[in-house]
């Protein structure tokens, strides 16, 4: 079951959901709009290796915006820092973003109970498009969990994306054993 706007506000008051900064203007009927942060990143190498730490180049989005190009995976980040202690957050693109040909995630649209951080976005574009820090890019929806959670993300020793950041975080696949 997806939380309504009223239930999201109740869960914020109860300390089960945290959104910083929070502005009620961005609360929809069953979602909360998130915005593109001021940092992007792109991998330095065109060929990536899942067993190696692939280095990224940081991009600060200037006031006049930054033109994303097709054929490049950009890592973005939300302005909003979130914590979800009781629900499963899902990040979806806004329809206006999609209508510009911007995809904000390749596969990682679901968070875990206990996820506490900004959201790294896996951005690709269909054609060149100029983006701006602060523009709406997605929306968070929250699902109720049936049953007690014993393995919260922020308490897992194997969690790779727990360090609070305002910058995009590259893949940490190389930390897995395979």
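The values are calculated or read from the model by the stated rules, or taken from the named source; none is laboratory data. This one's a predicted model, so the numbers in the text were calculated from it and none came from an experiment. With ideal geometry, Cβ positions are generated from the backbone for all residues, glycine too; neighbour counts draw on all protein chains shown.
Data table
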read-out	value
Segment 115-132: number of residues that are in a loop (DSSP other than H, G, I, E, B) and surrounded by fewer than 19 Cβ atoms within 10 Å (Cβ to Cβ)	4
Residue list for segment 133-165, filter: assigned to a strand (DSSP E or B) and more than 13 Å from the chain's Cα centre (by Cα)	142, 143, 144
Complete set of residues in segment 144-161 that are surrounded by 15 or more Cβ atoms within 10 Å (Cβ to Cβ) and either more than 21 Å from residue 49 (Cα to Cα) or touching a helix residue (DSSP H, G or I) at 6+ places or on another chain (Cβ under 6 Å) (or both)	149, 152, 153, 154, 159
Output for segment 23-60, where each listed residue is touching a residue at least 40 places away in the same chain (Cβ under 8 Å), within 26 Å of residue 130 (Cα to Cα), touching a strand residue (DSSP E or B) at 6+ places or on another chain (Cβ under 8 Å) and assigned to a loop (DSSP other than H, G, I, E, B)	28, 31, 37, 38, 54, 55
One residue from 137, 125 being touching a helix residue (DSSP H, G or I) at 6+ places or on another chain (Cβ under 6 Å), at pLDDT 90 or above and more than 23 Å from residue 1 (Cα to Cα)	137
Selection within segment 134-163 - in contact (Cβ under 8 Å) with a residue 24 or more places away in the chain, more than 13 Å from residue 112 (Cα to Cα) and out of contact with any strand residue (DSSP E or B) (no Cβ under 6 Å at 6 or more places or on another chain)	163
